Amino acid sequence: MLLYGGDFLWAASVYGTLATMMGKASPRNLLALSMTLCLGVELSQLVSSPWLEHGRSHTLLRFLLGQGFLWSDLACYLGGIGSMYRWHQWRQKGTFSMGGVFFYGSRSFMKINRKQRLLPYLLLFM
């Protein structure tokens, strides 16, 4: 888990960031967009141009762009994004609990606003 956990969480945070920024997008569109973004970042690691190598020498860009291509990273991305996709689908149509309060689809025991609906996505970044 330690070896692949970072890639799994990075991909999950990509999905969570896109879901937060594009609140009305369907989970399927978020899945496609986040997989495309992660695949693009991973494939960019196969390119060895001087400006990319210089960018990867900085800590933040190394975190965003990665350092080397690995097939296992693609599996981790699929797992992280897939788990967020399933959770997002389940959250939209099923029941879930947050803080001991159970929500059933659109009906709940208390009214929640948009910021409270986004709370589970935002918790990924803390």
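When segment 14-42 is filtered for residues that are in contact (Cβ under 8 Å) with a residue 60 or more places away in the chain and under 20 Å from Gly68 (Cα atoms), only Val14 remains. The numbered conditions (1) modelled with pLDDT of 80 or more; (2) surrounded by 12 or more Cβ atoms within 10 Å (Cβ to Cβ) are all true for Trp71 except (2).
The values are calculated or read from the model by the stated rules, or taken from the named source; none is laboratory data. From a predicted model like this one, the values you see are computed outputs, not experimental measurements. Every residue, glycine among them, receives a Cβ derived from its backbone with ideal geometry; neighbour counts consider all protein chains shown.
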